[in-house]
Amino acid sequence: MPTSEDAQGQATPWWRSAVIYQVYPRSFADGNGDGTGDVAGLRSRLGHLAGLGVDALWLSPWYVSPLADGGYDVADYRDIDPAFGTLDEAEALIREAHGLGLRVIVDLVPNHCSDQHPWFQAALTAGPGAPERELFHFRAGRGADGELPPNDWPSHFGGPAWSRTADGSWYLHMFAPEQPDWNWEHPEVRAEFLSILRFWLDLGVDGFRIDVTDHLIKEDGLPDTAGHHHDPHPWRDQEGVHEIYRSWRKLLDSYPGERAFVAELWEQDPERFARYLRQDELHTAFNFPLLRSPWDAGSFREVIDATLHAHALVDAPATWVLSNHDTTRHVTRYGRTDTSYDFDRATRHGLPVDLALGTRRARAAALLMLALPGSAYVYQGDELGLWEVEDIPDGLRQDPTWLRSGGVDRGRDGCRVPLPWEGEEQPFGFSPTRASAAPWLDVQPDGWRELSVAAQSGDPASHLELYREALRLRRALPGLGDGPLEWRPSAPKVLEFARTDGFRCVANLGAEPVTLPQDAEVLLASVDLTDGLLPPDAAAWLREA
Ligand code: NOJ
């Protein structure tokens, strides 16, 4: 596996600089023709990822799951869902990826499981007061007959965070009712997850992405939020989570090789965020403020400075991400009049989108992001310039956020549409032959014909070739990845910074062309350049002469 080096030629851990590609297995590639992406499909397309030039893969959940929340409802943490393949195939994938120099990170979902998990089923059967119920948060209801939920917590997917069982008790689920929250105060839950971590480490994985990292511990007594004025919320960022991650870190460090954690953390306070990245806790965390930021130079600069400052407090590398399986694809976001993002998807859904503008900005954003210090994430399809599919017929939408919000939230299906690989007709090579079943989410736009991997390959003007070249340069240039950043004076609405070894990045988020520095050679640009000018909504990488 390639090691990275810092500007002084010292070996640095790979995760400080890595570009990590997110695979959403259901929608990546279908190997067996049943319309659902699977491990066989992923194995057959590993060449694309190695050729793209990423360093690692992060796989969204592939475990046994009824897919009530796209696999984030796990019924067996130590096996692969038959829809995706077998454990042997998973092992073969890890081996083959390693053979191609790609590390593999798997998703770990510790806050909740599936209601079909045998321990939850046993808890239901055992009845009120049974020890099996202590592994979860079961409570009696309020009201004369216990007909009201035990507290006022809302589920992130709409409705109350409590559901009632047939015997009248209630259980907590911060997400869908099919996702009961584990009780992390219980030693058996802790022991079980240490054992699950060992299972996958023994199988050879290089790390874990941790789902809703800050939710595991709930405030004592599960107090109502009404009248609860202090932050954090009673269900997140409680002090007790840190000792869990310290114990996980010890376990990871006892394994050979450089294994790493990446935390999913939507924590907004940079200093509280940084606490998860202390030297004896997690290695990295997704840093979402860039993804939330509007297309605005001032806002980007603020986010970059705040991020670098927070990470420097604990000497952790920053991470950068523009899109993932939960958010509106950034080609679409950047083509709207309101280019910011938050989870209130309903307010932005259906705003007019200028896809040409969004695509142009997405190309510039890729160069900007890949030039920033630290590690970066590419969500499957980012490299193809895919947009959000917003016109999915209601009857085909599957995301629980859509169903549970009564259709107010349009859900996350639009960024999970199966990838286009090749060919003239849908599903554009997603499944092996035209005799295959239709894709599980059969809404690929016609326009994706021109965006397939095959259609873009070899066209130097394509989105895919821009990513390939940027990733090739990122590996070749010692100034990129981990290391310092220095802002350079620039025109308003322009971001210009230097890295070590004479590397410079200029991004023009304004409406007027700007003159590129005269003393530097252009290495790569997101658009064709003429007369030494960088047009609006474009970025360039330069090397000082
Ligand atoms: C975050 C995951 O990214 C998302 O897809 C999932 O719905 C929630 N966590 C609950 O597991």
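The values are calculated or read from the model by the stated rules, or taken from the named source; none is laboratory data. Just so we're clear, the structure is a prediction, and the values are computed from it rather than from any experiment. Ideal geometry is used to build each Cβ from the backbone, glycine not excepted, and the neighbour counts take in all protein chains shown. Ligands, DNA and RNA are excluded from the accessible area calculation, which covers all protein heavy atoms including side chains. Shrake-Rupley method; radii C 1.70, N 1.55, O 1.52, S 1.80 Å.
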**Request:** Could you tell me which numbered condition residue 209 fails, if it satisfies all but one of (1) touching a residue at least 60 places away in the same chain (Cβ under 8 Å); (2) more than 16 Å from the ligand (Cβ to nearest atom)?
**Result:** (2)
**Item:** Residue list for the range 225-254, filter: open to solvent by less than 50 Å² (accessible area, probe 1.4 Å), away from the ligand (no atom under 16 Å from the Cβ) and farther than 18 Å from residue 192 by Cα
**Value:** 225, 228, 232, 234, 238
**Complete:** Going through (1) at pLDDT 95 or above; (2) open to solvent by 20 Å² or more (accessible area, probe 1.4 Å) one by one, residue 518 fails only at (1)
**Complete:** The lone condition residue 410 fails out of (1) on the phi < 0 side of the Ramachandran plot; (2) at pLDDT below 95; (3) more than 16 Å from the ligand (Cβ to nearest atom) is (3)
**Request:** Return the residue satisfying two criteria in turn: it lies in the range 63-93 and is assigned to a helix (DSSP H, G or I) and either within 16 Å of residue 108 (Cα to Cα) or open to solvent by 20 Å² or more (accessible area, probe 1.4 Å) (or both), and of such residues it is farthest from the ligand (Cβ to nearest atom).
**Result:** 88
**Message:** With the structure loaded, tell me whether residue 479 is over 20 Å from residue 358 (Cα atoms) and not hydroxyl-bearing (Ser, Thr, Tyr) or whether it fails that test.
**Reply:** yes
**Request:** Please state which one of 481, 458 is open to solvent by 60 Å² or more (accessible area, probe 1.4 Å) and modelled with pLDDT of 95 or more.
**Result:** 458
**Prompt:** Before we move on, is residue 158 part of a loop (DSSP other than H, G, I, E, B) and touching a strand residue (DSSP E or B) at 6+ places or on another chain (Cβ under 9 Å)?
**Reply:** no
**Message:** Quick check on my filter: what residues within the range 309-328 are surrounded by fewer than 17 Cβ atoms within 10 Å (Cβ to Cβ) and assigned to a helix (DSSP H, G or I)?
**Reply:** 309, 312, 313
**Item:** the range 94-119: number of residues that are touching a strand residue (DSSP E or B) at 6+ places or on another chain (Cβ under 8 Å), within 16 Å of the ligand (Cβ to nearest atom) and open to solvent by 10 Å² or more (accessible area, probe 1.4 Å)
**Value:** 1
**Item:** Any hit, the range 329-341, residues being surrounded by 22 or more Cβ atoms within 10 Å (Cβ to Cβ) and touching a Pro at 6+ places or on another chain (Cβ under 6 Å)
**Value:** no
**Item:** Checklist (1) assigned to a strand (DSSP E or B); (2) more than 16 Å from the ligand (Cβ to nearest atom) applied to residue 364, failing item
**Value:** (1)
**So residue 185, is it within 13 Å of the ligand (Cβ to nearest atom), in a loop (DSSP other than H, G, I, E, B), open to solvent by 20 Å² or more (accessible area, probe 1.4 Å) and at pLDDT 95 or above** = no
**Prompt:** Of the residues that sit in the range 127-155 and are hydrophobic (A, V, I, L, M, F, W, C) and within 16 Å of the ligand (Cβ to nearest atom), which one is surrounded by the fewest Cβ atoms within 10 Å (Cβ to Cβ)?
**Reply:** 153
**Prompt:** In this structure, does residue 169 turn out to be open to solvent by less than 30 Å² (accessible area, probe 1.4 Å) and more than 27 Å from the chain's Cα centre (by Cα)?
**Reply:** yes
**Prompt:** Within the range 386-397, can you find the residues that are within 16 Å of the ligand (Cβ to nearest atom) and either hydroxyl-bearing (Ser, Thr, Tyr) or touching a residue at least 60 places away in the same chain (Cβ under 8 Å) (or both)?
**Reply:** 388
**Request:** Identify the single condition in (1) at negative phi; (2) surrounded by fewer than 22 Cβ atoms within 10 Å (Cβ to Cβ); (3) within 15 Å of the ligand (Cβ to nearest atom) that residue 158 does not satisfy, given that it satisfies every other one.
**Result:** (1)
**Request:** Kindly indicate whether any position in the range 165-178 is within 28 Å of residue 411 (Cβ to Cβ), at pLDDT below 95, hydroxyl-bearing (Ser, Thr, Tyr) and more than 16 Å from the ligand (Cβ to nearest atom).
**Result:** no
